[in-house]
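Here is the structure we will look at.
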Amino acid sequence: VLFFTDGLPTVGNVKETTIAANAKQANAVQARVFSFGVGYDVNSRLLDRLSSDHRGTSVYVKPDQDVEVASTNLFRKVSAPAMTAVSISFAGRKQTDDSRLVNRLYPAELPDLFFGEQLVVVGRYRKPGDVNVVLSGDVAGKTRTMDVDAQLGNADNTTRNSFVEELWATRRIGQIID
């Protein structure tokens, strides 16, 4: 579903939570929803919620931008999903209890991936160490799995990746507010 809008909800029920709940209930076929907002009065919080709840993305165009170019780019993107039903897991290579190795992942539900997009997932871990990260999903109708060995760093020993803590905190606060 491509949802093009030029403003805020003004007719009928205008409450964001009710609109989002109604959209979820009405989407029995689990169609993806891609929101396309035009102008400055767009309720981006609502459109982002509708898109994320329905495995889509949001695009915003300012009045001085070319709507045709932006809509064409969106159509190109959504017509070619790279991976759907995406999931991620973490397994420690030396730790015995993997059940809570990484928690509070954001986004909590991973979106479908489209060509030209990247997936940014942030989470919290308790102990530094070696980990195996497994990303899986459907690619052209077949289940694909990719894994990579990584290391969860020790925050006390380096400030090189200190921006990650702030990124995780921002996502956490956003989740709480939503």
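The values are calculated or read from the model by the stated rules, or taken from the named source; none is laboratory data. All values derive from a computational prediction rather than experimental measurement. Glycine also receives a Cβ, built like all others from the backbone with ideal geometry; neighbour counts cover every protein chain displayed. Just the protein is used for accessible areas: all its heavy atoms, side chains included, with ligands, DNA and RNA removed. Shrake-Rupley method; radii C 1.70, N 1.55, O 1.52, S 1.80 Å.
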Of all residues being charged (D, E, K, R) and in contact with a Gly (Cβ under 9 Å, 6 or more places away or on another chain) in the range 111-127, which is surrounded by the fewest Cβ atoms within 10 Å (Cβ to Cβ)? Just the residue, please.
K127
Scan of the range 76-90 for residues that are open to solvent by 40 Å² or more (accessible area, probe 1.4 Å) and either aliphatic (A, V, I, L, M) or without any contact (Cβ under 8 Å) to a residue 12 or more places away in the chain (or both), ordered by number
R76, S79, A85, I88
Out of R100, R45, R49, sole residue that is open to solvent by 80 Å² or more (accessible area, probe 1.4 Å), part of a helix (DSSP H, G or I) and over 30 Å from A140 (Cα atoms)
R45
Assuming V29 fulfils every condition listed in (1) among the β-branched types (V, I, T); (2) in a loop (DSSP other than H, G, I, E, B); (3) in contact with a Leu (Cβ under 9 Å, 6 or more places away or on another chain); (4) more than 20 Å from I177 (Cα to Cα) apart from one, which condition is it?
(3)
For the range 133-178: of the residues being among the hydroxyl-bearing types (S, T, Y) and at pLDDT 80 or above, which is most open to solvent (accessible area, probe 1.4 Å)?
T143
State whether one or more residues within the range 80-92 are over 19 Å from the mean Cα position of the chain (by Cα) and not β-branched (V, I, T).
yes
Of everything in the range 13-35, what is without any contact (Cβ under 8 Å) to a residue 60 or more places away in the chain, open to solvent by less than 80 Å² (accessible area, probe 1.4 Å) and under 26 Å from K62 (Cα atoms)? Give them in sequence order.
V14, E16, T17, I19, A20, A23, V33, F34, S35
Does the range 70-97 hold any residues that are of a type in the set (A, V, I, L, M) and farther than 18 Å from T5 by Cβ, and which are they?
A80, A82, M83, A85, V86, I88, A91
Can you confirm whether D130 is surrounded by 12 or more Cβ atoms within 10 Å (Cβ to Cβ), modelled with pLDDT of 90 or more and over 13 Å from the mean Cα position of the chain (by Cα)?
no
In the range 53-66, anything open to solvent by 60 Å² or more (accessible area, probe 1.4 Å) and farther than 13 Å from V1 by Cα is listed as Y60, K62, P63, D64, Q65, D66
